[in-house]
Each structure stands twice: as C-alpha cells, then as structure tokens.
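The values are calculated or read from the model by the stated rules, or taken from the named source; none is laboratory data. None of these values were measured; they are calculated from a predicted model. FYI the Cβ positions are ideal-geometry reconstructions off the backbone, even for glycines, and counts take in every protein chain you see. To get the accessible areas, we keep the full protein, side chains included, count just its heavy atoms, and leave off ligands, DNA and RNA. Shrake-Rupley method; radii C 1.70, N 1.55, O 1.52, S 1.80 Å.
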Amino acid sequence: MKYDFLLAGMAALALGACSPDDQPLPFGTDDEVTKVIGSEGGTLSIPAGASVMIPAGALDVAVTVELAVRDLLPTIYTADALFFDVSPVGTQLNVPAEVQIRIPDSDDAWLASVVNHTPSGVEEIGNTRVDLAAGIAAADIREFGMLALVVPGADAVFQVSTATASQTLAPEAIEVVIGGTDSMTVGCGTPGDRCDGLTASASANLLARVEDAAAIFPVVNGILRFDGNTVTGEIDLSTSFRLKMESGQIAENVTFSAHVEPTAATVVTETSTEIHLTNMVYRISEAGESGEEINQFVDTLVIPKADAADGSVTVSRDFQIQGEEGQLENASVSITVPVQLF
Amino acid sequence: MKTMSFRGIGFALLLAAITAVPSLAQVSLTPRGMGMGGAFVAVARGQEVIFLNPANLTLPGTPQWSLAFPQLVVTGTMLGPSFGDLPDIQNFDEASDARRQEILATIPESGTELNYDLRFPAVAWQVGHLALGVSYGSIGQHTVSRDIVELIFEGYEDNRTDYSVGNTAGSRATFWDIALAYGRKVGPVSVGATGHYIHGGTLLRSRLFEPRIDLEAQDIEVDYLSVLARGGQGFGLDLGAAYQPMPNVTVSGAISNIVSTMDWSEDLVVRDLTLTRADFDNPEPLDILDRYEESEREVDSDGATLREMETAELLYSEAYFPPIARLGAAWQPRGGTQLGVSVEKHLGDGRLAGPWDQKFALGVQQKIPLVTLRAGVATDLDSSSLISGGITIGVLEVGVAKLNAGEFDGASRSGWIGSFGVNVETPQLIH
C-alpha cells in the first residue's frame, strides 16, 4: 500500500511540475531616463518606444540629458502622437544625434516622419528612415527638443504615382507689382501654411524601382526684388522624396534643396504674357545644413503674368541609378511650383 | 567580383550566428540510448541513468562502476534542402546553375531554417548508487530569408531593389550541467533523485535588419545585430522510480526538472556588424567575422537603442529547462536481447530541452559476439519521426538517426543525429 502511495506521490508531483517564469529583460521600465552625457557620447532609451544615440563629439561638455515620454498630445498632423522630450531643450549638437522611435500602426506608416519642436522652431524631418519590418523610424537631430513620430497630413504629402501623373492642388497666386521697387515674395510649407499647388514627379526608371513615392514637407520661401531691369533676392525650395522600396519593408529618402538667385548678368525682360529673368543661377544640393552641392546651372526664370495659364517653375535633382542591364542611367525627382503675377 | 561577394557575406553571417564561441553541451541522450531511438528509460544502467532516471541506479544490471569519457550527440536539421545538399551549398560557386536552381527550388518563400543541438558529456561516472555527470550543451537555430539565399547563390542583381531580409534571425544557448544522482531501494521499488547545477554559458539573439538602399549613390548597407547575455545559473531536480515486476521486465519513470530555476546574466553585450557595398565587392569572410566579434560592447539597461531592444525582445523567452515526464518499459526475453518502449512529454515550456513536446519510442538491443547492435524508431505523435541505429564495439559506442521533422510552408524539415562515446564499466554488477 505504501508503494501505491509512492506512485500516487509521483503522479501528484508530475501534476505539480511547472516551468519557471520568463526572466524579464533588464531594460528600464520607467517613462523617463536621465544620464550625464559627455564628449564621448552615449545612448538613452525608454521602453515606451524611443532612444537617442548621441555620438562622440556631439557635446563639448558633460550635460545631464533626460529622455522622457509625454502624454499623447493632439497634433496638427494626423491623430494624437506620443511625444518624447529630450532635454535640456534647445541644446545644440556639434554632430547629429540619431533618434529611433517605434512606428505606430498605420496604413501610411511608410510616410512616418520625425517632428522636432525646439526653441528654434518646428523641424519637420522629411529625411526619416523607415523600417517597417522592424517597426522603427530613425532620424537625425541637431537640437534637443520635443519629438514625435507623425504621419504627415494630406496637405504635406505630394504623392507620385507615375512619371507623368502627379498630385496638384489648387494653385496659389503670387502677387507682384511691377514698376519701381517691387518684389515677389513666396512662402509656404510651415505647419498651418502648406504649399498648395505643388507637383511632385519622378522619372519612370526611378518609379520602376520603388513601390511608392511621395514628396514630403516641401518648403518654399524667398523674395525677388525688381528695380528696373535688375533683380536681387533669392528663392529657396527644399523637400524630401520618400521612396517605399519594392520589398515594401523599408522607405528611403532622396532629399534636395534648390537655391535660385540672380547673377550679375541677370536682366529682367518682359513680354505681353511673361516676365523673363535671364541668367538666374540654380544650385541643387542635398537638403540640410551640410547638404552637399550636387549641381549648378544657369537658366532663365520665366514668370507668367496674371492671364497666362500653367505658369510654373520646376526644379529637379538628377542622379544616376542602375538600369536593367546594369548600366548607369539618369533618373530624377522634381518639384513644380505654380507661379503667377497679378 | 560582385557575384561572389554576397555569397561570402551570406556564409559569414551564418557562421557568425551559429559558431563564434566554443560550444558546450548538456547530454540528454547517450549513444546507446540514441541507437534505440530513445526508448532507453527502462534500459539504461550505470552512468547512462544520470540524465534519464536516477532510480535505475539500484536496478539489477547496474555495474559496480562505470565511466563514460567522452560522449557526443549532435543533431542538425534543415528546412527545405537536405543535408545531402550541403556539399553543393558549401561549394555553390562550383555547382552548376541547374544544381543551384534545384537547391533554391527546395527553399520555401518564407525562407529556410537551420537548427542544431549539441550535447557533450565531458564525463559521466557512476559508483554503486551514486553518479556524477558533467556535460555541455549548445542549441541554436537560424532562419534565412529566401532573398538572402538568392544573394548567396546568384550574387547581387544590380537592378533589383526588392531584396528583403524577412525573418533572418537566430538564437543560441550554451550551458554546463553538473548533475549528481543517487538511488536507493524502498522495498521492491527503486527511487532516485538527481540534482542539477546549471552554469549558463551564452544566450544570444541575433537579427538581420532590412537593407538601407541608396539609389543615387548605388550603395547598400545591411546591419546584423546580436544581443548576448553571458553567464547565469540555475538548479533542477529530477525524481524517478523504477520497478521490476519480473526479473526480465523493468518499468521506469521519472520527472526531470520537477522544480527548476534558471537566471541568466542581465549584463548584456551587443555585437553590431554593418555590411556595405565595399564588403560585397571585396568580401573577406574571416575579416567580417573579426569585425563582428570586435564590435562587442556592453549595453546598460537604459542605454540600448530601440533596435537593440527589439533584437533582445525574446532573449530570455523560455530560456530554461522544461519539466519532462518519462515512462518506459524494458523486456529482456533472452540474455542478449532487450526490447524497450518509452513515452515522454514536456509538462511545461522551456526551449533548452529537445524540440519535441512529446515522444513515443520503440527500440531493440541485441548482443552478439564482440558487438552489440541497436535499432529504434520514435515519433512526436504529430509530424516528426526518426529511425535510428547503433553499435557498440568494446568500449566504443556509435549511434546515428535520420530525422524527419515534418513540413513547413510546403517544404520538408529533415536532418540527422550522430553520436559517439566511450563507455567503460566493470563486468561485476551490484546487487
């Protein structure tokens, strides 16, 4: 009988056998972390879904840096976004820090972009790298601020579907008075004052390499002053072309800035329908403070008058990609800005 | 050459995932047990019982002492290609296009998977009713997306931008198991207990991230990230019982890890390898491995990047030994013949034991002059099975098994198990 008890005991032990619990990961669980980061750099991260990697040389002296999650806040972009404070807000970096933020669920997640609210202003970082497979977006920042990962609204995204089709919204009139000291001012692209009427396009061979493409956060600003037959001033345009690769898992960016200004040889001439600014220099470069200049050329800037249709100015960034046979071939991305005089 | 470069990179990645540190193993099967398909619970005697059922230490047929030094059991499975394809995979640049396509056709759209399980009892020693075993275990797996395999076989297609690494990721765990077993008689029933001290070696999770493609610079960067925890300790307790209702019939049952703990180190390190176009154009696999190992750095709890945290997400998941219930019977109709049957079931989670959650095995052992022959079959009562054979010549023991591990995504998963050991025991038996 005691052996029956022994067998019963074994059966009871078998029923009671259980596995240990999974060991938790040793990462912090708080919604904020503080570290002293010196010139050697360092990384801060919080499980809410953000990390900041400050490289060596970004800071000259040791700084107490904090990364903290804030509550969901309404945004001017899309739905509420989770904001992350990187403080001291306003700290300038010698070398960009990389922020990684977890991508929220969205059908348009490939357009997700980091927005950095700093004392210097709101920086909408179109050059955000999106890894949909890992669910992480990454971008570089040069100033500590309040970060969020947002999907830009329709007014900040210019979809490119084919080489010839493009999204065009209602044209924005640019008011100019000719005669005496006159000026042409253009400014759009900031939150709340988006650029209507822009057209984004890309070459067919580039579009054949990607699943989708769109220009994000285009910004145009500047002024041209007319004094008789001479002109001074400058116009700047910058944007990021987000390219969703064929795998559908990553989105890369082709960024460019265009700087247009008159040269010493620029002359203002006028026809019944147009104003011509000859010998204007176009400088195409990568976007950003340290954008490398890619191309420079001189051309005539044509500004249609009020009653002329389809007035526009197009700036392009040209580059080369591998063709189907392995040869290098030209590709381009372009932004067309409607311009009209009244 | 570009077509060669990705292949070297691919193998380097696989090597980085599967090798790097010396493997240590923990024994779960001896060559003799493996030769009988694992139907060995009631058959095992002497040092063989340490990791099966310590109650067998008091059964008739137990030698006065026995020593196994060393033993080795290695299991490998692949999803898609068979192990017979390995020579052509290893020398893919010498294989014909038709042969490469033939191998590629066996890989499902979801990719292939390599699994290995290595158990190495450094020493297993039994004296009377007491036994001590020190063994080393290493288990690992790595999935590789079909696109990566195509990169290895066919090189980089310059105009192709849809490469996806998919779920190219891996894991590895190594550990030492120091076990002390004791058995005693309680009337006609034998009971026993084995205490385990587990010394954790390396726990690793790795991942290949989607490539960053710079179209205008015609450049590509691929990151391979690993998170490792080194060290740890755990304890386990096995309990068993055995009974011989008749002199030539044995019934034996045990529960392994009826209680167990396993705590891995929380000091994590990261290895980060970025492969660029320069690596693809001029590959140096050993140099790449060196860079990978030299990139190692510590990461603190609130200083890991999001990608490092994502990679580490499942690092500790089920990184322990599950409780396993075993029940077996053995019948010795004649002096040189033994028949064995056993069933085994995992009673909980834990990935440091074998991959089968349950097992039913049948085996036979036949002694003939000078040698002992073994054969067995086993199944997980689902889609996996194995057929095995083994031989003992003097002190040398060898076993081999063909493993069929079912199908996934339309491709078969199969492999081999090989084992080798040296076992010395006294001819005198305890009573």
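Of note:
- Here the condition is being of a type in the set (D, E, K, R), under 28 Å from B:Tyr316 (Cβ atoms) and at pLDDT below 95; of B:Asp147, B:Asp162, B:Asp117, it holds for B:Asp117 alone.
Listed here are the residues, each with its yes/no results for (1) at the interface with chain B (Cβ under 7 Å from one of its Cβ atoms); (2) without any contact (Cβ under 8 Å) to a residue 12 or more places away in the chain; (3) within 30 Å of the chain's Cα centre (by Cα); (4) open to solvent by less than 20 Å² (accessible area, probe 1.4 Å).
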position	(1), (2), (3), (4)
A:Ile37	no, no, yes, yes
A:Leu44	yes, no, yes, yes
A:Ala58	no, no, yes, yes
A:Thr64	no, no, yes, no
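- Those helices (runs of 4 or more DSSP H) lying entirely in region B:276-348 with at least 2 residues more than 9 Å from every other protein chain (Cβ to nearest Cβ): B:277-281, B:285-294
- The lone exception for B:Val21 - which of (1) in a loop (DSSP other than H, G, I, E, B); (2) modelled with pLDDT of 50 or more it fails: (2)
- Applying the set (1) closer than 19 Å to B:Arg146 by Cα; (2) at pLDDT 90 or above; (3) small (Gly, Ala, Ser) to B:Ala95 leaves exactly one unmet item: (2).
- Considering region A:249-286, the residues that are free of Cβ contacts under 8 Å to residues at least 40 places away in the same chain and of a type in the set (A, V, I, L, M, F, W, C) include one that is surrounded by the fewest Cβ atoms within 10 Å (Cβ to Cβ), namely A:Ala264.
- The residues of region B:365-418 that are of a type in the set (Asp, Glu) and not in a strand (DSSP E or B), listed by number, are B:Asp380, B:Asp382, B:Asp409.
- Among the residues listed as B:Thr250, B:Thr261, the single one being among the hydroxyl-bearing types (Ser, Thr, Tyr) and within 22 Å of B:Ile178 (Cβ to Cβ): B:Thr261
- The residue of region A:215-248 that is most open to solvent (accessible area, probe 1.4 Å), among those that are touching a strand residue (DSSP E or B) at 6+ places or on another chain (Cβ under 7 Å), within 14 Å of chain B (Cβ to nearest Cβ) and more than 30 Å from A:Gly192 (Cβ to Cβ), is A:Glu246.
- Checking B:Leu203 against (1) farther than 30 Å from A:Ala48 by Cβ; (2) in contact with a Leu (Cβ under 7 Å, 6 or more places away or on another chain); (3) among the aliphatic types (A, V, I, L, M); (4) in a strand (DSSP E or B), the condition it does not meet: (1)
- When we screen B:Tyr163, B:Tyr197 for residues that are aromatic (Phe, Trp, Tyr) and more than 10 Å from chain A (Cβ to nearest Cβ), the only hit is B:Tyr197.
- Meets criteria (β-branched (Val, Ile, Thr), surrounded by fewer than 16 Cβ atoms within 10 Å (Cβ to Cβ) and either under 15 Å from the mean Cα position of the chain (by Cα) or modelled with pLDDT of 50 or more (or both)) for A:Thr185: yes
- For region B:200-224, taking the residues that are aliphatic (A, V, I, L, M) and farther than 30 Å from A:Glu329 by Cα, the one that is farthest from the other protein chains (Cβ to nearest Cβ) is identified as B:Leu204.
- Test set (1) charged (D, E, K, R); (2) at pLDDT 95 or above; (3) open to solvent by 20 Å² or more (accessible area, probe 1.4 Å) - B:Arg172 fails condition number: (3)
- Being open to solvent by less than 10 Å² (accessible area, probe 1.4 Å), modelled with pLDDT under 80 and in a loop (DSSP other than H, G, I, E, B) is a description that does not apply to A:Gly179.
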